[in-house]
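Take this structure, written in C-alpha cells, and hold onto it; I'll ask about it next.
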Amino acid sequence: MKANVSIGTVDRVIHNRGEVSKATYDKILNIIEELEYKPNLMASTLASKRTLSFAVLVPEPTSTEAYWNKPMIGIRKAFLEVQHYGVNINIHLFKQSDSQTFGKEADLILDSNPEGVVLAPFFSRESIEFIGELKKRNIPYVFIDSNISDSEKLSYIGQDSFQSGTLAAKLLDYSIPQNASVLILHFAKERDNMNHLVQREKGFYEYFNLTYGISTRKLITIEIEDPTSLESQEKIRDILISHPDIKGIFVTNSQVYYLGRILEYYGISGIRVIGHDLIRENIDFLKRGIVDFLICQRPEEQGYQAIQSLFEHLILKRKIQSENFTSIDIVTKENIEYYK
C-alpha cells in the first residue's frame, strides 16, 4: 500500500469518518488525487442501501413560460443523473408575492430533515432565519439565483447581481442622451426584502456614482406591487408623461414584458428599455424593438449545478467552490436567434 497505512484507515478517509491524524489524512488524499482514484459509487450505495434526500425551495412559476420553470429543467436533468445513487429530490414552492409561504415551506423542509438543500433566498429575512436552522442541524445548502454573501453556504450558483445592475447602467448610459433621466422599475412586493433586486439597484446606482461623482443623471426608482392592475399601469404612464426627459428604463426582474405592454398600449416610444431573462413574453418584445436589451443568467445551468454540488459534496466528498458565478449575457434582437 503506497500510503503505508491500513485499508481501514484509507476507508475512513474516503468516507470522512474521522479518527485519522491530519498528516495521514492529507497524505492519503494526495495519493488518491495522484492515482485519480474513483470509488465505485453505485456498488457502495447499493451495499449501504442508503437514501439521500435533497430539498429544493424555489418560487412557484407564475405561468408555464415563467422564469422559475427554467431552473427546474436543470434540476430534473441533474436528478436523472444522480437518482441511481439513492438520491431523492423533494420540491417545495413558495409564492413570490407572499413571504409567509416561504416560511411555511421552509418549516416543512426542516421537519423532513434532508441531507442537503437548494434554495433561492428570495426573501432575505426569512432566508436568514431558515439557513440559521440549517446551520444548527449541520445541513449543507446551496443558493441559486441570489446570494447572501456573509452566510456559511456550501456554494452560490448564479449571477453577480451587483455587477448585473452595473452592466445595465452602463448600457443605458451609453445609449441615451447625456442629460436624459432614467427610471428604475421594480415589479415587486417587499422589494427591500428581496436581496437580488436590492443588489441590482445598488450596482446600478454605484455605476453612476463612480462614473460621474454626483450623478449628472436624474435616477427615479419606483416599486409596483401589481403590474396587472389598471392603477399601476396608469401610474407608470403618468410618470413617463410628466417626465418626458426619461429616456431609459431598467426593470430589475424578469417581468419587463409588463412594461412592454404598457408602452405599446399607450403608444409611448423613444425610450431604451433593459430587463432580465429570456422568457417567451420578453423575447416577443425584444424582437419587436420595444425592449432593447435582456440580461440573461442561464437559469437551467443554475438548477443543474446546484444539485450536482450537493451530490459531489455529500457522496463524492469533493471540495465545492463557494462562489460559482454564471455568465452575464446581453441579448438583443440582433443576436437572439443565435443565443443558446
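How would 93, 210, 185 line up from fewest to most surrounding beta-carbon atoms within 10 angstrom?
Numbers: 93 16, 210 11, 185 25.
So the ranking, lowest neighbour count to highest, is 210, 93, 185.
Taking each pair of distinct Cα atoms in segment 280-340 once, what is the resulting Kirkwood hydrodynamic radius in Å? Numbers along the way, then the final one.
Values: mean 1/r = 0.0727 Å⁻¹.
Final number for the Kirkwood radius of segment 280-340 is 13.8 Å.
Projecting each Cα onto the charge dipole of the chain (Lys/Arg +1, Asp/Glu -1 at the beta carbon, about the Cα centre), which of 156, 97, 328 comes out farthest on the positive side?
Working it through, the farthest residue towards the positive pole turns out to be 156.
When 141, 266, 205 are ordered from fewest to most other Cβ atoms inside 10 Å of their Cβ, what list results?
266, 205, 141
Between the helical axis of 69-82 and the dominant principal axis of the chain, each derived from Cα atoms, what acute angle in degrees is found, rounded to the nearest 10?
Result, in degrees: 10.
Another question, then. Report the residues of segment 296-311 in range of a label on residue 329: point 7 Å along Cα→C-beta, backbone N strictly under 13 Å from it.
Within reach of a label on residue 329, which here means backbone N under 13 Å from a point 7 Å along Cα→Cβ, segment 296-311 contributes 296-302.
Helix 230-242: angle to the longest alpha-carbon principal axis of the chain, degrees 0 to 90, nearest 10?
60
Once Rh is set to the Kirkwood radius over Cα pairs, what Stokes-Einstein translational diffusion coefficient, in µm²/s, holds for segment 161-296 at a temperature of 25 °C and a viscosity of 0.890 mPa s? Intermediate results must be reported in sequence, preceding the final value.
Details: Rh = 14.8 Å.
D = 166 µm²/s.
Over 28 Å between Cα atoms, which of 153/202; 104/340; 153/340; 27/77; 170/287; 135/319 qualify? Don't skip to the answer; put the middle values down first.
On the way: 153/202 23 Å; 104/340 36 Å; 153/340 30 Å; 27/77 36 Å; 170/287 22 Å; 135/319 18 Å.
Checking Cα-Cα distances, 104/340; 153/340; 27/77 exceed 28 Å.
Rounded to a whole number, what is D in µm²/s for the chain from Stokes-Einstein with the Kirkwood radius over alpha-carbon pairs (4 °C, 1.567 mPa s)? Present the calculation step by step, with values, prior to reporting the outcome.
Values: Rh = 22.1 Å.
Using the Kirkwood radius from Cα pairs, D works out to 59 µm²/s.
Can you tally the net charge around residue 137? Count Lys and Arg as +1, Asp and Glu as -1, for every other residue whose Cβ sits under 15 Å from the Cβ of residue 137.
Values: positive: 135, 136, 153; negative: 107, 111, 115, 129, 133, 152.
Within the 15 Å Cβ shell, the charges total -3.
Reachable aspartates and glutamates from residue 218, Cα under 13 Å, same-chain residues fewer than 8 places away excluded?
Of all the aspartates and glutamates, those that pass the test against residue 218 - Cα under 13 Å, at least 8 places apart if same chain - are 173, 245.
Next question, about the same structure. Could you line up 64, 24 from fewest to most neighbouring Cβ atoms inside 10 Å? Each step should come with its number before you reach the end.
Details: 64 7, 24 16.
With the sparsest Cβ surroundings first, the list reads 64, 24.
As a check on your grasp of the helix formula, calculate [θ] at 222 nm for the chain: sum -39500 (n - 2.57) over DSSP H runs of n ≥ 4, divide by the residue count, round to the nearest 500. Don't skip to the end; give the middle numbers.
Numbers: 12 runs with 151 residues, N = 340.
Here the helix-only value at 222 nm equals -14000 deg cm²/dmol.
A short reminder: the numbers here are calculations on the coordinates, not readings from a lab. Just so it is clear, the structure is predicted and the values come from calculations on it, not from any experiment. Glycine also receives a Cβ, built like all others from the backbone with ideal geometry; neighbour counts cover every protein chain displayed.
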